[in-house]
Amino acid sequence: MAADKSEVLQGTLDLMILKTLQALGPLHGFGIARRIEQLSEDVLTLNEGTVYTSLLRLQQKSWIASEWGVSENNRRARFYSITQRGLNQLAVETENWERIAAVIGRVLALEAKA
């Protein structure tokens, strides 16, 4: 089963984090990672370090904000939420991704020349 897991494509994790926060509201880093893995039906595996690096980058760009809170396990955790700048960027990134995915789809649909 582990061989069936894929790494996240470079450049897509930020988009997935922004979309997750937009759709589900504030979450802590571990919750974000687990939710993305669940949505991928465990096709993707997320390294905790990679997720936190992305969260830091998004926060430095002011696309997300964070505040301390208490997790469902009664532990102190940093909860992340998307900002207005993040919502604007999510729209841009989503449009770019859809355009690139359409190109990839067309290339993959090419018939081999005989």
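Each value in this text was obtained by applying a stated rule to the coordinates, not by laboratory testing. This one's a predicted model, so the numbers in the text were calculated from it and none came from an experiment. Using ideal geometry, Cβ is built from the backbone for each residue, glycine included, and neighbour counts are taken over all protein chains shown.
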Worksheet item: Looking at region 6-113, what % of its DSSP beta bridges pair antiparallel, to the nearest 5?
Response: 90
Worksheet item: Summing -39500 (n - 2.57) over the DSSP H runs of n ≥ 4 in the chain and dividing by its residue number, what mean residue ellipticity at 222 nm do you reach, to the nearest 500 deg cm²/dmol?
Response: -17500 deg cm²/dmol
Worksheet item: In the set (i) 6.9; (ii) 9.1; (iii) 16.1, which value of mean projected area of the Cα convex hull in nm² was calculated from the structure you see?
Response: (ii)
Discussion item. If I model a spin label as a point 7 Å beyond the Cα along the Cα-Cβ vector, how far apart are those points for Arg106 and Glu41 in nm?
Written reply: 2.9
Worksheet item: What is the spin-label model distance, in nm, from Val92 to Ala65 if the labels are put 7 Å beyond Cα along the C-beta direction?
Response: 2.0
Worksheet item: Which of Ser66, Thr50, Thr12 sits farthest toward the positive end of the charge dipole of the chain, with +1 on the Cβ of Lys and Arg and -1 on the Cβ of Asp and Glu?
Response: Ser66
Worksheet, complete the sentence: Descending packing, highest mean Cβ count within 10 Å first, for 13-20, 77-84, 99-106, 35-42 is 13-20, 77-84, 35-42, 99-106
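Placing unit charges on C-beta atoms (Lys and Arg positive, Asp and Glu negative, everything else neutral), compute the dipole magnitude of region 6-113 about its Cα centre in debye, rounded to 20. Intermediate values should be presented prior to the final figure.
On the way: 12 positive and 12 negative charges, 64 e Å.
The dipole of region 6-113 has a size of about 300 debye.
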